[in-house]
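What follows is a short report on a single structure.
All of the numbers you see were taken from the coordinates with simple rules; none came from a lab. Note that the coordinates shown come from a computational prediction; the quantities given were computed from them, not determined experimentally. Using ideal geometry, Cβ is built from the backbone for each residue, glycine included, and neighbour counts are taken over all protein chains shown.
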Amino acid sequence: MKLLFLTQVLDERDAILGFVTRWVAGFAERVEAVRVIALEVGEVDLPQNVDWREVGRRGRLGRWLRYRRLLDEAFDAGFDTVLAHMVPRYALVAAGPARRAGAGLFLWYTHAGVDRRLRRAVVQVDKVFTASEHSLRLEPPNKVVTGHGIDLDHFPLVPDDGQAAENRAPHLLAVGRMTPAKDPLTLIDALALWSGSGGPPDGHLDLVGGGLAAGDGAYALRVREHIAAAGLSQRVHLHGDVPYPEIPPRYRDCFALVSASRTGSVDKVVLEAMATGRPVVTSNESFPPLLASLGEMAELLQFPAGDAAALAANLERLASFSSEQRAELGRRLRDIVAGEHGVEALLDRLVAEMQPDHQNGTGGAGR
């Protein structure tokens, strides 16, 4: 297999898509060659059987023409499989050239949003891969649920170590775009309630993540105003985008990862924190089945969407855990990720699903 991988950004330091370089390197271990076509290329250190082409963002028509030229070049060079990452438009642009070249065409998509382009793309591709049932809000016959691909080496287990764990500052962490769908206001309110009801007066919250879309900047201003109104200006900090290599230490140093996300799909950052062994408390509706093996303890790691009081109560219960209890919880959380969402298993599955003798989807581009 010679894999053509279509993505927005190829840059190991990108705050959102830094993990893509790990995927590409992993694919390179499993196939003959990988070529990446990306709008932007930054810092990369990839195997010798990987190359890349940068499209650039200049001019809509010019970008489309460059994209088509690069696709034709790749098919002329013998690339026989295309995987479009997260952007249905990439699959649509590649559909015609892939069909003429007899190449397989696939899409990876994990987002609650469903639009006309996505609906068109899922019927054009051989298969559409997604991380969970809730990560793709369509039910085409060629849908394949694979789990997320969490890099367990990038996010190593950091066990609590006795006194150091007991003395850890009550530092809460949230990672994700600064948007209403991530609901940082509930997290801020929970910190205020926790502190006001006997919780640590020096507890603080780090909000990591910037905005991408128009309007995100205005929402960040609203969040700052909410922080000030709650009297937490010295204890809630907005850090903006943080490069992907610098995220693991953020998990390592936190008391718990908190997530009020309302997207409904399995939130990758929660899985990353679980991989490091840190407690997580989430309102995401996709997590109850994932946490079910924890039994009664699973209730402690979940709260109803928008319910700041419930989140504060769960944090108070977590604060009562001994270092041994936290360490045991951390090991069990990592085991869940390793068993269902590890990157190596994901890449094995994707490569197997994209083999010509395994293509049983009903998409329109196939071989």
| request: Mind telling me which of D14, D76, D189 comes out most flexible in a GNM of the chain, alpha-carbon contacts under 10 Å? | output: D76
| note | The helix 216-229 Cα axis meets the longest alpha-carbon principal axis of the chain at an angle in degrees, between 0 and 90 and rounded to 10, of 0 degrees
| query | Taking neighbour counts of Cβ atoms within 10 Å as a proxy for exposure, in what order, fewest first, do D151, D335 appear? | reply | D335, D151
| task | Enumerate the whole-percent occupancy of each 20 Å bin, from 0 to the last occupied one, for all C-alpha pair distances of the chain. | result | 28, 54, 17, 0
| request: Hand me the tally of lysine pairs in the chain: alpha carbons under 21 angstrom apart, and the pair either on different chains or 8 or more positions apart. | output: 4
| said: With a 10 Å cut-off between alpha carbons and a GNM built on the chain, which of V337, V82, V50 moves the most? | reply: V50
| request: In debye, nearest 20, what is the charge dipole magnitude of region 44-150 about its Cα centre with +1 on Lys and Arg Cβ and -1 on Asp and Glu Cβ, if you could check? | output: 700 debye
| request: Taking the Cβ of each residue in K182, K143 as the centre, tally the other Cβ atoms inside 10 Å and list the residues starting with the fewest. | output: K143, K182
| field | Between helix 184-196 and the chain: long-axis angle, C-alpha atoms, 0 to 90°, nearest 10 | value | 20 degrees
| remark: What one gets for region 204-275 as the Kirkwood radius, inverse of mean 1/r over different Cα pairs in Å, is 13.7 Å
| task | Treating the angle as unsigned and between 0 and 90°, give the value, to the nearest 10°, between the Cα long axis of helix 343-354 and the longest Cα principal axis of the chain. | result | 30 degrees
| remark: Here the relative contact order (percent) of region 163-340, from C-alpha pairs under 8 Å and at least 6 apart, is 26 percent
| Taking Cα atoms of region 163-340, Rg/Rh with Kirkwood Rh, to two decimals? | 0.94
| task | Determine, from the Cβ-Cβ distance of R349 and R63 and an R0 of 35 Å, the FRET efficiency 1/(1 + (r/R0)^6), rounded to the nearest 0.05. | result | 0.65
| field | W23, W64 arranged by Cβ crowding within 10 Å, fewest neighbours leading | value | W64, W23
| message | Treating only the Cβ of Lys, Arg, Asp and Glu as charged (+1, +1, -1, -1), what charge dipole size does the chain show about its Cα centre? Round to the nearest 20 debye. | response | 1700 debye
| query | In whole Å, what is the distance between the alpha-carbon centres of region 218-261 and region 1-28? | reply | 27 Å
| Helical contribution to [θ] at 222 nm, DSSP H n ≥ 4, -39,500 (n - 2.57), averaged over the chain, rounded to 500 | -11500 deg cm²/dmol
| task | Only Lys, Arg, Asp and Glu count, each charged at its Cβ (+1, +1, -1, -1), so figure out the dipole size of region 204-362 about its Cα centre, rounded to 20 debye. | result | 460 debye
